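The values are calculated or read from the model by the stated rules, or taken from the named source; none is laboratory data. A quick note: this is a predicted structure, and the numbers were derived from the prediction, not measured. Glycine gets a Cβ as well: all are built from the backbone with ideal geometry, and neighbour counts include every protein chain shown.
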Amino acid sequence: MIKSFFKSNYKYTFIFIVSTIVGGALVAYGSYGWTPATDSLKNLDTKKFVLWILMIVVTSASGRVLQFSAGYLFTKQAQEYFHSLRKKLINHYYESTPVDKLSNMQNRVTNDLKIISDQALDPVSNVVLCVVDLVFSAYVVLTFNFWLLCLILILAVIMLYLPDLLSKQLEKATNEVSYNYRKYLDTIEKWLAGLAVLQRYCSKTKLFTALAKSSSGLEKATVIQNKKSIELHCLTYTANMISQGVVLLATGLLVLNHQLTLGTLMSIGNFSSLIFSQLVNVTSQIGSIKSTRSLADNIMKEIRELPDSEPKEDSLADFDTLSTHGLVLQYPNGEKIKYPDIKIKAGEKVLLSGDSGTGKSTLFKMILNEIKPTQGKIVFKDKLGKNLNPIYSQIGYIPQDPIVFPGTIEDNITMFNSKLNKKAANCAQKVQLATDFEKFPDGIKTIVDLDKNNLSGGQRQKIILARTEVYNSKIILIDEGTSAIDSVATEQILKNILKEPTTIIFIAHNLTDEMIQLFDRRINLSK
């Protein structure tokens, strides 16, 4: 993921690296100035001492400003990169069949990307900054004494291996946080979907208990992750203080032996503090980056999962038959639904009935390819008897709980395709929706307010019915799609849509004998 980040914008990457290097050189030169400044003070040369202090301040400040600017550019590039990742992840979930849980998608595009940002990319910026400072600082130390540099390098190598002692544990803890966060979102999604029912029956205690139980796993995982991070910080900080002490002791001995000046001791002290403090940063950041490896790999794998070219899909324009063969669906709890072999011809109007639990709604989802059967298959054929891989968007579907989106009623009928606006009003008329427009000052242009719920259940069902009409669906699956509409309007809607050449499979329990007679035939499912 880090490689792909730097490749995402070569211009920003180049400016970031150059600014960081130049800034590091200026900071190192500023630190080097403490040696001549201290020696000038020792020789009572006030003018040189003041000039060196001014040089130290100007160069050090200029270097840090450059590095801070590089950090700003890095952050800007990171946000652009994460924006592109979110788009790709959303595309992955949009195109995935069957559709993944909403909680998985929420976790990926919020929590997981934040973990990658905080524990992988931000540390990369710090590592680059630290490495530049280390290289220039090491060069300056080399100009003072070769053996001091060797001592520092040996201690540095030891410190760089410290993250490996805890990296596996920290990586496991990070993955646990991601996993438990996803579980928590899933719990929220499931329980809050029925919030109105919980409120009606005063079941607040059960809601709180379920959420508390789920959140406890997340809290425990977060505490463990934080504990491992603190252990790594403590380990590296201890190594930092010991290393600084060893270097200062060695430098002091060289000064006592007249091999280095007292001013050099000041500079070496400053550089050793900088070097080992930066090494602490590097080791901590490397440990943090390593902890996100498997999570980052999973994200990139999901992005790459979508094929470059989708399998060829066939239009249903020449659709002739839909049939099921040995269809069986088995649930994880062992329950099994067996379907009779069914064959429906193009243009047929079929009423699908059966007791609760016989799999009527499930059959619709298998036809739509949202659920895969355990055994058997569903076959679409054209007029020449050739098997079709259907374009599923050409199959209209009216579920028991109709889904509408923020936007106008017209937008919800056309699904935001403005080219279909002219057809929307006529289709609304066919499904008895036009009479409802009289209740709204803006008619078909009325905004759907999901917060205030300004549409009734029946009006929502009519919108979905109109949607299938607008898109000229070749097959329409209606699952209790008129359950919230009064019987008079339902009868008129059935008369309007059943006289069209479209193939219709209709699930309903509230139809009168007169309405049932409008269908070509009836298929009854049994357990």
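What is the residue count in region 354-378 for residues that are buried (at least 17 other Cβ atoms within 10 Å of the Cβ) and assigned to a strand (DSSP E or B)?
1
Sort out which residues of region 436-461 are surrounded by 19 or more Cβ atoms within 10 Å (Cβ to Cβ), hydrophobic (A, V, I, L, M, F, W, C) and outside any loop (DSSP other than H, G, I, E, B), and write them in order of number.
444, 448
Considering only residues that are farther than 19 Å from residue 442 by Cα and charged (D, E, K, R), look in region 380-429 and name the one that is modelled with the lowest pLDDT. Before you say what the answer is, go through the steps one by one.
Going residue by residue through region 380-429, those that are farther than 19 Å from residue 442 by Cα are 380-403, 417, 419.
Checking the rest, the ones that are also charged (D, E, K, R) come to 381-383, 386, 401, 419.
Working: 381: 93, 382: 91, 383: 91, 386: 93, 401: 82, 419: 90.
In this case the residue turns out to be 401.
Take residue 31 and tell me if it is within 31 Å of the chain's Cα centre (by Cα) and in the same structural domain as residue 130 (by TED's automatic domain parsing).
no
What are the residues in region 479-522 that are surrounded by fewer than 15 Cβ atoms within 10 Å (Cβ to Cβ), hydrophobic (A, V, I, L, M, F, W, C) and more than 19 Å from residue 433 (Cα to Cα), if any?
516
Given the options 262, 248, name the one that is in contact with a Lys or Arg (Cβ under 7 Å, 6 or more places away or on another chain) and within 26 Å of residue 35 (Cα to Cα). Give the steps one after another, and end with the answer.
Values: 248 fails: in contact with a Lys or Arg (Cβ under 7 Å, 6 or more places away or on another chain).
So the residue among 262, 248 that is in contact with a Lys or Arg (Cβ under 7 Å, 6 or more places away or on another chain) and within 26 Å of residue 35 (Cα to Cα) is 262.
So, of the residues in region 384-402 that are surrounded by 18 or more Cβ atoms within 10 Å (Cβ to Cβ) and among the β-branched types (Val, Ile, Thr), which turns out to be nearest to residue 455 (Cα to Cα)? Spell out the reasoning first.
From region 384-402, those surrounded by 18 or more Cβ atoms within 10 Å (Cβ to Cβ) are 388, 390, 395-398, 402; that's our starting set.
Now narrow it down to the ones that are among the β-branched types (Val, Ile, Thr): 395, 398.
Numbers: 395: 25, 398: 17 Å.
The extreme case among them is 398.
Of everything in region 136-188, what is within 30 Å of residue 59 (Cα to Cα) and either outside the structural domain of residue 293 (by TED's automatic domain parsing) or within 39 Å of the chain's Cα centre (by Cα) (or both)? Give them in sequence order.
Initial filter on region 136-188 (within 30 Å of residue 59 (Cα to Cα)): 136-157, 159-160.
Selection gives 156, 157, 159, 160.
Could you grab the pairs with beta carbons closer than 8 Å, sequence gap of 6+ or different chains, first residue in region 409-425 and of a type in the set (D, E, K, R), second one in a loop (DSSP other than H, G, I, E, B)?
These pairs meet every condition: 411/405.
Can you tell me which residue among 143, 59 is surrounded by fewer than 13 Cβ atoms within 10 Å (Cβ to Cβ), in a helix (DSSP H, G or I) and out of contact with any strand residue (DSSP E or B) (no Cβ under 8 Å at 6 or more places or on another chain)? Spell out the reasoning first.
On the way: 59 fails: surrounded by fewer than 13 Cβ atoms within 10 Å (Cβ to Cβ).
So the residue among 143, 59 that is surrounded by fewer than 13 Cβ atoms within 10 Å (Cβ to Cβ), in a helix (DSSP H, G or I) and out of contact with any strand residue (DSSP E or B) (no Cβ under 8 Å at 6 or more places or on another chain) is 143.
With the requirement that a residue be under 19 Å from residue 491 (Cα atoms) and within 31 Å of the chain's Cα centre (by Cα), what does region 446-460 give you?
The one that is under 19 Å from residue 491 (Cα atoms) and within 31 Å of the chain's Cα centre (by Cα): 460.
Any chance you could count how many residues in region 425-435 are aliphatic (A, V, I, L, M) and either under 11 Å from residue 465 (Cα atoms) or in a loop (DSSP other than H, G, I, E, B) (or both)?
3
Testing residue 202 on (1) assigned to a helix (DSSP H, G or I); (2) exposed (fewer than 15 other Cβ atoms within 10 Å of the Cβ); (3) modelled with pLDDT under 80, one condition comes back false. Which one is that?
Among (1) assigned to a helix (DSSP H, G or I); (2) exposed (fewer than 15 other Cβ atoms within 10 Å of the Cβ); (3) modelled with pLDDT under 80, the lone unmet condition for residue 202 is (1).
Can you pull out every residue in region 467-516 that is among the hydroxyl-bearing types (Ser, Thr, Tyr) and under 34 Å from the mean Cα position of the chain (by Cα)? Even if it seems obvious, please write down each step before you answer.
Keep residues of region 467-516 that are among the hydroxyl-bearing types (Ser, Thr, Tyr), which gives 468, 471, 473, 482-483, 487, 490, 502-503, 512.
Listed by number, the residues that qualify are 468, 471, 473.
Does region 412-424 hold any residues that are among the hydrophobic types (A, V, I, L, M, F, W, C) and either in a loop (DSSP other than H, G, I, E, B) or exposed (fewer than 15 other Cβ atoms within 10 Å of the Cβ) (or both), and which are they?
Step one: list which residues in region 412-424 are among the hydrophobic types (A, V, I, L, M, F, W, C), which gives 413, 415-416, 420, 424.
Residues satisfying the conditions are 415, 416.
If you go through region 196-218 one residue at a time, how many are without any contact (Cβ under 8 Å) to a residue 40 or more places away in the chain and under 15 Å from residue 174 (Cβ atoms)?
From region 196-218, those without any contact (Cβ under 8 Å) to a residue 40 or more places away in the chain are 196-217; that's our starting set.
Keeping just the survivors that are under 15 Å from residue 174 (Cβ atoms) gives 217.
Matching residues across region 196-218 total 1.
Return yes when residue 66 is assigned to a helix (DSSP H, G or I) and either surrounded by fewer than 18 Cβ atoms within 10 Å (Cβ to Cβ) or not assigned by TED's automatic domain parsing to the domain that holds residue 221 (or both) and no when it is not. Show your work before the answer.
Values: assigned to a helix (DSSP H, G or I): yes; either surrounded by fewer than 18 Cβ atoms within 10 Å (Cβ to Cβ) or not assigned by TED's automatic domain parsing to the domain that holds residue 221 (or both): no.
Considered against the rule, which asks whether it is assigned to a helix (DSSP H, G or I) and either surrounded by fewer than 18 Cβ atoms within 10 Å (Cβ to Cβ) or not assigned by TED's automatic domain parsing to the domain that holds residue 221 (or both), residue 66 comes out as no.
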